[in-house]
Amino acid sequence: MRPTWHLSCALALASSQVAAQAPAAPRDVVARAVAAIGGEPALRSMRGVAIESYAVSFAIGQEETPESPPRGNVSAGRSVTDYARGRLLSAIEVRNVNGSVNRLRRVTAGGIGMAETDGQLAPMNPGMLATFETDMRRYPDRLLLAALDNAAALSALPARTFRGRPHAGVRYAAGPDTMNLFFDRATGLLTVIETVADDPILGDRRTETWVTRWQNAGGGVQLPRQIDRFWNGRLQVHSVITAATVNPETADSLFAIPDSIATRAPRSSTAAAPIVVTLVELAPGVWRAEGGSHHSLVVDQGTRLVVVEAPLGAERMNAVLDTLRARFPGKPVRLVVNTHHHWDHAGGLRAVLAAGVAVVTQAGNVAFVRGISVARKTVNIDALARRLGPARVPVPAITGVADSLVLGSGGGQIVLYRLPTAHVEGMLAAYVPAARLLFVSDVLSPGPTLAPVGSAELVTLVRARGITVERVAGGHGGVANWADVERAASP
């Protein structure tokens, strides 16, 4: 009998251990997190929160080289959020890496928004307003309550280990707020909010937002005192909350938007604005593809077109390519030049490669461009991802320029020069000799005034290369006369 008794006890013990280790239902995981930060009644009684914080925002994609650490802007400020009426005030002071200081105030109320920058008021654009509204919905305490109320949107995820600690996983599938939530098994606290989105450079951009150092903020409610956001493992924002107050005073004056702004303020929208590309002729056979904040240079080389700069993303670059197909039927774009690696100027390169067009870039950026071409894409499977599928169609050529490169001959000839600049390592400038035109991005953005440093860098380049320039066209801004550039460069 004794062996049977021992076997029965062993089976009972094993059964109890399995039951103890069985994962909790997703809603129970969320309910435990709600209890851990004060409980459902306390969270539902919250009318709002006031926060004082400082943050370092790292400009990923604007580094000195693709391998360099991103530079950080330091900010400090205060926000007041009125949960009951969907209103937000945010006031921060930003100290930029170049030493300049910006004072920003953002107000959302009544479904519209206002942006104040260094005292200048303007209606908040629909995309920015939508971002603020999304952020308010995703405050950790609001997010947990929303998940608690929408159990049908919850499903279990495999457990994950973060920073050496086991976490329970819950998927919250709620349209635009779909995300993965991970909870510390020891404390029950929400620790990581994970989303995956499409990115023109990274392909799948996995964002992990860490909410840690939960502390009492009054009213029996705990709020996180540190929030860190990572893109594919790289720290993008580090925020520390120095003070948090539950149910602060929310006087209407805090959220006032003058009538002069309110009457022009649009409602929020996540829809992309229509992309309009206009070809502006700069010289015979030379155009600038304009529209919005970023421009490209287009040069006719007889049997082909060459485009300098593929900015922003696939939508913008495809609009440029479609415009050129319509304007020049039978004359394809065969080459696109990338001036430098900064993401806002390289975001269209994947669309270029997907169209079978070769790319030229500065030699130090070749590996970066190749990385774009093979980035994992599951959120938005594009033409290049399909090319790299079972057929394994080769990616078009990606060529590096160490110092200079001549493209074509005659009136459509382009000469690429490496441009030494404090803005970035690995910059190319494009010179069209027949038009005596120099195209540059970021180093100089022609406008009412010309930056002395960028102007001086261009003057140094032109004198060192012994070329004659009459005008400078920018990847941003307008077109400047060379005489004005020389004057701006003079001490």
For this session: Find the strands (runs of 3 or more DSSP E) located wholly in region 320-411 whose residues include 2 or more that are surrounded by 20 or more Cβ atoms within 10 Å (Cβ to Cβ), among the small types (Gly, Ala, Ser) and free of Cβ contacts under 8 Å to residues at least 12 places away in the same chain, and list them.
Result: none
For this session: Give me the pairs, please: first residue somewhere in region 414-430 and at pLDDT below 95, second residue anywhere and assigned to a strand (DSSP E or B), beta-carbon distance under 6 Å, and either six or more positions apart or on two chains.
Result: none
For this session: Pick out, from region 415-491, the strands (runs of 3 or more DSSP E) lying fully within it that include 1 or more residues that are surrounded by fewer than 17 Cβ atoms within 10 Å (Cβ to Cβ).
Result: 479-481
Exercise. Got at least one residue in region 114-135 being acidic (Asp, Glu) and modelled with pLDDT of 95 or more?
Worked result: yes
For this session: Residue by residue through region 382-408, note down the ones that are modelled with pLDDT under 95 and not hydrophobic (A, V, I, L, M, F, W, C).
Result: 382, 386, 387, 389, 390, 392, 394, 396
Exercise. For residue 186, are the conditions met, namely being surrounded by fewer than 19 Cβ atoms within 10 Å (Cβ to Cβ) and not assigned by TED's automatic domain parsing to the domain that holds residue 381?
Worked result: yes
For this session: Find the residue count for region 223-241, including only residues that are of a type in the set (S, T, N, Q), over 15 Å from residue 90 (Cα atoms) and in contact (Cβ under 8 Å) with a residue 40 or more places away in the chain.
Result: 1
Problem set entry | Where a residue in region 91-109 is closer than 25 Å to residue 252 by Cβ and its partner, wherever it lies, is aromatic (Phe, Trp, Tyr) and not in a strand (DSSP E or B), with Cβ under 7 Å and at least six apart | 106/132; 107/255; 108/132; 109/255
For this session: Inspect region 276-289 for any residue being within 30 Å of residue 134 (Cα to Cα), under 25 Å from the mean Cα position of the chain (by Cα) and surrounded by fewer than 11 Cβ atoms within 10 Å (Cβ to Cβ) and give the result as yes or no.
Result: yes
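The values are calculated or read from the model by the stated rules, or taken from the named source; none is laboratory data. The structure presented is a predicted model; accordingly, all values stated were derived computationally and were not measured. Please note: Cβ atoms are built from the backbone with ideal geometry, for glycine as well, and neighbour counts cover all protein chains shown.
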